[in-house]
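Q: One structure, as structure tokens, below. Some questions next.
The values are calculated or read from the model by the stated rules, or taken from the named source; none is laboratory data. These figures come from a predicted structure and were not determined experimentally. Every residue, glycine as well, gets a Cβ built from its backbone with ideal geometry; the counts of neighbours run over all protein chains shown.
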Amino acid sequence: MDQPTNEPTKNRSNTGLLLLVVLLLISNVVMLWLLMSRGKEVEQKQQEVATLTSQKDDVTAMLESMLSSYDTLKTENEEIKTEMELQKQQIEELLDKVKRGNYDLAKAKKEAATLRDIMKGYIYTIDTLNQRNQLLTAEKQLLTQELGEVKGQKEALATEKEALQGKVAKGAVLHTTSISAGALFVRNNGKQVDTERANKAEMVKCCFTLGENKVTDAGDKTIYMRVISPDGRVLPTSDGGGRFKFNGVEGEYSAKRELNYQNQPVDACVFWTGGEELRTGQYIVEIYEAGSLVSKATFNLK
């Protein structure tokens, strides 16, 4: 009688155990699904973080590259320099915001692209200006060279002109075909007599013939005579104040006279009558006209 009573109880226990197993299985499946969903969510978040990090690095690299490029841009244009400094400040401010992570990366990327386009404009402008400067420099060098050549030609012409003027001036200098000089004394009857004795000499005479010269201007000429004594002193004029310019300097002359010259040979004499006693030795007589030496002669007194 007892066996029928225990059988239902055993069946209920088996059923409860089976239900618990089913519940555990369902719970495990749910947990597994939840874990898988969480894993996908974490993986997605990681991918998003990696994407944002990559974008941040790209924008940062772009901005830093632009700053480096600006440092290499060189120009003498003050206006462009000022504008580039302002652009660098904007890039530095944007770079600081991106690095701190408190700025929208998409917006930062757009702004960086705009700043890069502006920088490209400066690169083009500066390159164009540099090319123009190089062209202007080359033109300046060519012009300088041409001016140097013109200057050289001008200097050559000036030298040639100066040489020609020198030749003309040299050709205009009078010359003598004959010249002689000596001492004189005057007899009681007034006659002038040549002498070679110093104690008798009272005057110095120089006679010469001016040759033909078609280059010099015709007209009155002032002839200067310098008589240089054996001691190297110039015999002075009677008043002691005779000075003139010759060979680029100023010095004394002993006597002078005016002579009309018409480009044809003409004879002339110049006399020194200083009144001082002459000493023995060799005397040099020089004849000048227009500051140039015409001729010279010597004589001796005993």
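Q: Considering each of L73, L63, L67, L95 in turn, give the residue that is surrounded by 11 or more Cβ atoms within 10 Å (Cβ to Cβ), in contact with a Phe, Trp or Tyr (Cβ under 8 Å, 6 or more places away or on another chain) and not hydroxyl-bearing (S, T, Y).
A: Details: L63 fails: in contact with a Phe, Trp or Tyr (Cβ under 8 Å, 6 or more places away or on another chain); L67 fails: in contact with a Phe, Trp or Tyr (Cβ under 8 Å, 6 or more places away or on another chain); L95 fails: in contact with a Phe, Trp or Tyr (Cβ under 8 Å, 6 or more places away or on another chain).
L73 is the lone residue from the list that is surrounded by 11 or more Cβ atoms within 10 Å (Cβ to Cβ), in contact with a Phe, Trp or Tyr (Cβ under 8 Å, 6 or more places away or on another chain) and not hydroxyl-bearing (S, T, Y).
Q: Name every residue in the stretch 244-268 that is in contact with a Leu (Cβ under 8 Å, 6 or more places away or on another chain) and under 27 Å from G232 (Cβ atoms), in order of residue number.
A: Within the stretch 244-268, F246, N247, S254, A268 qualify.
Q: A further question on this structure: Just wondering, is there one or more residues in the stretch 210-227 that are of a type outside the set (K, R), in contact with a Leu (Cβ under 9 Å, 6 or more places away or on another chain) and within 24 Å of L301 (Cα to Cα)? So that I can check it myself, show each step before the final result.
A: Taking the stretch 210-227 first, the residues of a type outside the set (K, R) are 210-213, 215-220, 222-225, 227.
Narrowing further to those that are in contact with a Leu (Cβ under 9 Å, 6 or more places away or on another chain): 210-211, 213, 216, 220, 222-223, 227.
Filter once more, keeping what is within 24 Å of L301 (Cα to Cα): 227.
Yes; the residues of the stretch 210-227 include at least one that is of a type outside the set (K, R), in contact with a Leu (Cβ under 9 Å, 6 or more places away or on another chain) and within 24 Å of L301 (Cα to Cα).
Q: Also, I was wondering about something else. Might you let me know whether the stretch 211-218 holds any residue that is part of a strand (DSSP E or B) and in the same structural domain as Y288 (by TED's automatic domain parsing)? Steps first, please.
A: If we filter the stretch 211-218 for residues that are part of a strand (DSSP E or B), which is where we start, we get none.
Within the stretch 211-218 (the criterion being part of a strand (DSSP E or B) and in the same structural domain as Y288 (by TED's automatic domain parsing)), the answer is no, since none of the residues qualifies.
Q: Let me ask something else about it. Taking interchain pairs and intrachain pairs at least six residues apart, which have beta carbon atoms under 7 angstrom, with the first residue in the stretch 182-201 and under 12 Å from L278 (Cα atoms) and the second of a type in the set (V, I, T) and surrounded by 13 or more Cβ atoms within 10 Å (Cβ to Cβ)?
A: Short answer, once both residue conditions are applied: A183/T195; A183/V204; L184/T195; F185/T195; A198/T280; A201/T195.
Q: Considering the stretch 194-239 alone, what residues qualify as being within 60 Å of the chain's Cα centre (by Cα), hydroxyl-bearing (S, T, Y) and farther than 29 Å from Q264 by Cα? Can you show your working first?
A: Residues of the stretch 194-239 within 60 Å of the chain's Cα centre (by Cα): 208-237, 239.
Now restrict to residues that are hydroxyl-bearing (S, T, Y): 209, 216, 222, 224, 229, 237.
If the condition is that a residue be within 60 Å of the chain's Cα centre (by Cα), hydroxyl-bearing (S, T, Y) and farther than 29 Å from Q264 by Cα, then S229, T237 are the ones that fit.
Q: Follow-up. Residues in the stretch 76-91 that are loosely packed, with under 11 Cβ neighbours inside 10 Å and outside any helix (DSSP H, G or I): how many?
A: 1
Q: Could you list, in sequence order, all residues of the stretch 225-280 that are in a strand (DSSP E or B), surrounded by 11 or more Cβ atoms within 10 Å (Cβ to Cβ) and β-branched (V, I, T)?
A: Across the stretch 225-280, the qualifying residues are V227, I228, V234, V266, V270.
Q: Same structure again: Taking the condition exposed (fewer than 11 other Cβ atoms within 10 Å of the Cβ), among the hydrophobic types (A, V, I, L, M, F, W, C) and either farther than 28 Å from N133 by Cα or not assigned by TED's automatic domain parsing to the domain that holds N133 (or both), does A106 pass? Please lay out each step first, then the result.
A: Numbers: exposed (fewer than 11 other Cβ atoms within 10 Å of the Cβ): yes; among the hydrophobic types (A, V, I, L, M, F, W, C): yes; either farther than 28 Å from N133 by Cα or not assigned by TED's automatic domain parsing to the domain that holds N133 (or both): yes.
Against the criterion (exposed (fewer than 11 other Cβ atoms within 10 Å of the Cβ), among the hydrophobic types (A, V, I, L, M, F, W, C) and either farther than 28 Å from N133 by Cα or not assigned by TED's automatic domain parsing to the domain that holds N133 (or both)), A106 qualifies.
Q: Checking the structure you have, find out if any residue of the stretch 191-198 is at pLDDT below 90, in the same structural domain as E277 (by TED's automatic domain parsing) and outside any strand (DSSP E or B). Let's see the steps before the verdict.
A: Quick first cut of the stretch 191-198, residues at pLDDT below 90 only: 191-192.
Next, from what is left, pick out any that are in the same structural domain as E277 (by TED's automatic domain parsing): 191-192.
Add one more test, that the residue is outside any strand (DSSP E or B), and what stays is 191.
Scanning the stretch 191-198, I find at least one residue that is at pLDDT below 90, in the same structural domain as E277 (by TED's automatic domain parsing) and outside any strand (DSSP E or B), so the answer is yes.
Q: Can you report the number of residues in the stretch 203-243 which are at pLDDT 90 or above and of a type in the set (D, E)?
A: Here the count works out to 3.
Q: Does V215 fit the bill of being in contact with a helix residue (DSSP H, G or I) (Cβ under 7 Å, 6 or more places away or on another chain) and either surrounded by 16 or more Cβ atoms within 10 Å (Cβ to Cβ) or over 30 Å from N199 (Cβ atoms) (or both)? Steps first, please.
A: Numbers: in contact with a helix residue (DSSP H, G or I) (Cβ under 7 Å, 6 or more places away or on another chain): yes; either surrounded by 16 or more Cβ atoms within 10 Å (Cβ to Cβ) or over 30 Å from N199 (Cβ atoms) (or both): yes.
So V215 fits the description; yes.
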